[in-house]
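I have placed the structure first, in the form of structure tokens, so that the comments after it can refer back to it.
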Amino acid sequence: MERWKEIEHVPAPAIAPKFGPLTGMRVLMTGSIVAAPFAASLLAEYGAEVIHVERPGVGDPYREQAPVVKQGDQRVSTVWIQEARNKLSLSLEVNLKIPESKEIFLSLIKNCDVWVENMVWIEKLGITEEMLFEVNPKLVVAHISGFGRPQFGGVPEECNRPSYDPIGQAEGGFMFINGFPEPMPPSPATGFMNDYITALFAVNGILMAYLHAQKTGQGQAIDISQIESMSKVLSDLFVQRFLLGRTKQRGGNKIPIFQPANLFKTKDERYLYIGAYGSFVFGRFIKALELDPNKFTHEAAGGSPEALNSEIGLELNQLTMDWVAAHDAEEAKQHLLSFKVPCGIVKTAEDLVESEHYQKRGDFVEYKDETLDQIVKAFGFNPKMSQTPAKVWRGAPKLGQDTDAILSTLLGYSDSEIESFRAKQVI
């Protein structure tokens, strides 16, 4: 029926409150665990009106990711509590072969500035970029996938592969250089690091494309892959390969090009990382340990891989280990900081929750989780902004909590039409 041709664009925000630097932006997100939802979360925390599309009766699997918090007959994932706040939940079967779904989806596209997806196989659902840009020429389309979309190049079979965070770490080059040398195996980073990095690249691309669209009226597609997001943050790994013929290897906790740059065990069984890059900081470290600066020079003991592996370089490493082992972590940290030597104690969640610095930075916020119907506490925001700060205006929504409001407020559907969609299990 092409209802989208008839409806008027409703400016954002129409349901969410007005705040932050991204107020006026509306984002449609059809994705799940983890990169696409987190990219949308970041936009939502700074004022974008974000509509998270979930399958009716199923929802985003993110809701059930262990561990979960239970309250009566309600249960919700701890990560959903943290990452799904500020979003509107629309339950919709995104299959454009269903006429009603197509009508709703394209009408939403007309009303949104950005569409974020990580479904990969969108063509099977009847979705094409040409269709979307016909509906909304200013639309920013952010495709998030493991290996990229073939429209931007690559081997089609590779682009078609499914992926999760550790696969991106492995195939993007990070896992090979993370961990300790052979015979230890490569080690993945925990906490879905690749997905979160991918989300940051996605947000960067979205904001650049959004600015371009606002200036020119021209939308565009963005292709963000897990593997390339991973490869992009590997420093000089590829230049080493191209120009020096080297393949960077795993080195454990120790940075292999200067010292001290390692993790050391303290007297009280904690761990302290010390990093002293450059001759001036190295000199301050030598002074802090009351070592002979004429013997332990930067050139001889700390400034290159050769210096680190020399007899005097190895002696300095042992002296550092012995010095740290003779001090409690806090004592060692304060002493080194008095000489302006960068160092840090490995912190646990308990340490950070009790941190006076984090508390005075306002790093923990409280809000009501909609599923549990109780006040929860979670990590706040980064970056902090002086004029247009982020905020939590609502906790993570219940499945489909905003379906009726979105369909009526943005798309102009009547109550009877909405009920007919629900009877057909479209919503």
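The values are calculated or read from the model by the stated rules, or taken from the named source; none is laboratory data. Remember, predicted model here, so these are calculated numbers, not experimental data. Neighbour counts run over all protein chains shown; Cβ positions are idealised from the backbone, glycine included. Areas reflect the complete protein model, heavy atoms only, side chains present, ligands, DNA and RNA absent. Shrake-Rupley method; radii C 1.70, N 1.55, O 1.52, S 1.80 Å.
The combined condition, being over 26 Å from the mean Cα position of the chain (by Cα), at pLDDT 95 or above and either hydrophobic (A, V, I, L, M, F, W, C) or within 30 Å of residue 254 (Cβ to Cβ) (or both), is not fulfilled by residue 399. Of all residues in the stretch 98-145, those satisfying the criterion of being surrounded by 20 or more Cβ atoms within 10 Å (Cβ to Cβ) and part of a loop (DSSP other than H, G, I, E, B) are 112, 113, 118, 127, 136, 139. Could you tell me whether the stretch 159-169 includes any residue that is outside any helix (DSSP H, G or I), open to solvent by less than 70 Å² (accessible area, probe 1.4 Å) and over 22 Å from residue 52 (Cβ atoms)? The answer is yes; a qualifying residue exists. With respect to the stated conditions, residue 332 fails to be farther than 12 Å from residue 274 by Cβ, in a helix (DSSP H, G or I), of a type in the set (A, V, I, L, M, F, W, C) and touching a helix residue (DSSP H, G or I) at 6+ places or on another chain (Cβ under 9 Å). Of all the residues in the stretch 17-65, those that are among the hydrophobic types (A, V, I, L, M, F, W, C) and open to solvent by less than 10 Å² (accessible area, probe 1.4 Å) number 14. Of all the criteria given as (1) at negative phi; (2) touching a Gly at 6+ places or on another chain (Cβ under 9 Å), the one not satisfied by residue 294 is (2). In the stretch 383-420, the qualifying residues are those that are hydroxyl-bearing (Ser, Thr, Tyr) and assigned to a loop (DSSP other than H, G, I, E, B), and the one that is surrounded by the fewest Cβ atoms within 10 Å (Cβ to Cβ) is 386. Scanning the stretch 34-66 for residues being outside any helix (DSSP H, G or I) and either closer than 21 Å to residue 407 by Cα or modelled with pLDDT of 95 or more (or both) gives a total of 15.
Just the residues that are of a type in the set (A, V, I, L, M, F, W, C) and within 13 Å of the chain's Cα centre (by Cα), please, taken from the stretch 196-243.
Step one: filter the stretch 196-243 for residues of a type in the set (A, V, I, L, M, F, W, C), giving 197, 199-203, 206-209, 211, 213, 221-222, 224, 227, 230, 233-234, 237-239, 242-243.
Of everything in the stretch 196-243, those that are of a type in the set (A, V, I, L, M, F, W, C) and within 13 Å of the chain's Cα centre (by Cα) turn out to be 197, 199, 200, 201, 202, 203, 224, 230.
If you go through the stretch 355-382 and keep only what is loosely packed, with under 12 Cβ neighbours inside 10 Å and closer than 30 Å to residue 284 by Cβ, you end up with 356, 357, 360, 382.
Tell me whether the stretch 253-268 contains one or more residues that are surrounded by 13 or more Cβ atoms within 10 Å (Cβ to Cβ), hydroxyl-bearing (Ser, Thr, Tyr), touching a residue at least 40 places away in the same chain (Cβ under 8 Å) and in a strand (DSSP E or B). Show your work before the answer.
The first filter runs over the stretch 253-268 and keeps only residues surrounded by 13 or more Cβ atoms within 10 Å (Cβ to Cβ), leaving 254-267.
Next cut, hydroxyl-bearing (Ser, Thr, Tyr) only: 266.
So of that shortlist, the ones also touching a residue at least 40 places away in the same chain (Cβ under 8 Å) come out as 266.
Okay, now just the ones that are also in a strand (DSSP E or B), so none.
No.
Do the conditions hold for residue 311, that is, is it closer than 17 Å to residue 258 by Cα, among the acidic types (Asp, Glu) and without any contact (Cβ under 8 Å) to a residue 12 or more places away in the chain? Answer is yes for this residue.
Residues that are open to solvent by 40 Å² or more (accessible area, probe 1.4 Å) and not charged (D, E, K, R) within the stretch 218-252 comprise 218, 220, 233, 235, 238, 239, 242, 243, 244, 245, 247, 249, listed in sequence order. Filtering 281, 341, 346, 324 for residues that are open to solvent by 30 Å² or more (accessible area, probe 1.4 Å) and not hydroxyl-bearing (Ser, Thr, Tyr) leaves a single hit, 346.
Exactly one residue out of 179, 172 is surrounded by 14 or more Cβ atoms within 10 Å (Cβ to Cβ), out of contact with any helix residue (DSSP H, G or I) (no Cβ under 9 Å at 6 or more places or on another chain), small (Gly, Ala, Ser) and more than 30 Å from residue 107 (Cα to Cα): that is 179.
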